[in-house]
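Asker: The structure follows.
The values are calculated or read from the model by the stated rules, or taken from the named source; none is laboratory data. If you're wondering where the values come from, they're calculated on a predicted model, not measured in any experiment. Ideal geometry is used to build each Cβ from the backbone, glycine not excepted, and the neighbour counts take in all protein chains shown.
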Amino acid sequence: MPVAWWHALPNAITSVRFVLAVGCLFALARAGALEGPERAMFGAWGINVFIVAALTDILDGYLARRWNAITPFGRVMDPFVDKVLVLGAFVFLASPGLAGGEGRGSGVAAWMVVVILARELLVTSLRGVLEGMGRPFPADRFGKAKMLLQCVAVPYAINEATNGWYEPTANGHAIANWWLWAAVIATALSGLPSLLRATTLLKARSER
């Protein structure tokens, strides 16, 4: 039975977002290896592509739910692409070329990346175990809030490292730093509700 074209659209958007994620990481890699106007140019490209990719994440999820077009491909690839985009950006922002070097640097420390990665690995592992048992484990409001904060913090951090959009003032540095710390703290704390929810579901299953 043929599938209506609009049912394939959310997955197509997810696939495009993967290409955008790779493009963003390429721009960050180039920015970290360059200086001066070229560094700012690739920084601006990285910021713009990251924002477009983050917005498509909202769009494909909305369309999949609206059109009842949720597929196994989307359930796997959508969070995978999110991880490539966000975790990849944080890894590059903590690299020597962007964390230090010309200008102030991104402000992203290696330990921040470890915290973010640990949370994602924990929740992904819990989701894999529970959904393998037939228990849905969708993202909760805490996970969505941390994703939002991360998607605001990353463009600010890229600009801090490259001056891709503008040269930050003292207030600009403070704002970028606030968003970064808010994203890291929210990421760490958002793992706790997921852990408690998973523990409750596993306990209920074992008591049957």
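Asker: Hey, among Arg205, Arg119, which residue is in contact (Cβ under 8 Å) with a residue 24 or more places away in the chain and surrounded by fewer than 14 Cβ atoms within 10 Å (Cβ to Cβ)?
Answerer: Going through Arg205, Arg119 in turn, the sole match is Arg205.
Asker: Looking only at segment 39-70, which residues are surrounded by fewer than 18 Cβ atoms within 10 Å (Cβ to Cβ), within 23 Å of Val108 (Cβ to Cβ) and modelled with pLDDT under 95?
Answerer: If the condition is that a residue be surrounded by fewer than 18 Cβ atoms within 10 Å (Cβ to Cβ), within 23 Å of Val108 (Cβ to Cβ) and modelled with pLDDT under 95, then Leu55 is the only one that fits.
Asker: Shifting gears a bit: Which condition breaks for Leu189 when tested against (1) part of a helix (DSSP H, G or I); (2) in contact (Cβ under 8 Å) with a residue 24 or more places away in the chain; (3) over 22 Å from Ala109 (Cβ atoms)?
Answerer: (3)
Asker: Out of the residues in segment 158-174 that are exposed (fewer than 14 other Cβ atoms within 10 Å of the Cβ) and assigned to a helix (DSSP H, G or I), state the one that is modelled with the lowest pLDDT.
Answerer: It comes out as Ala170.
Asker: Which one of Arg135, Arg197 is under 24 Å from Leu87 (Cβ atoms), among the basic types (Lys, Arg) and surrounded by fewer than 17 Cβ atoms within 10 Å (Cβ to Cβ)?
Answerer: On inspection, the qualifying residue turns out to be Arg197.
Asker: Follow-up question, since we're still on this one. Quick one: which residue in Phe26, Phe50, Phe80 is out of contact with any Asp or Glu (no Cβ under 9 Å at 6 or more places or on another chain) and under 23 Å from Phe137 (Cβ atoms)?
Answerer: Of the residues listed, the single one that is out of contact with any Asp or Glu (no Cβ under 9 Å at 6 or more places or on another chain) and under 23 Å from Phe137 (Cβ atoms) is Phe80.
Asker: Gly128: part of a helix (DSSP H, G or I), of a type in the set (Gly, Ala, Ser) and at pLDDT below 95, yes or no?
Answerer: Yes: the conditions hold for Gly128.
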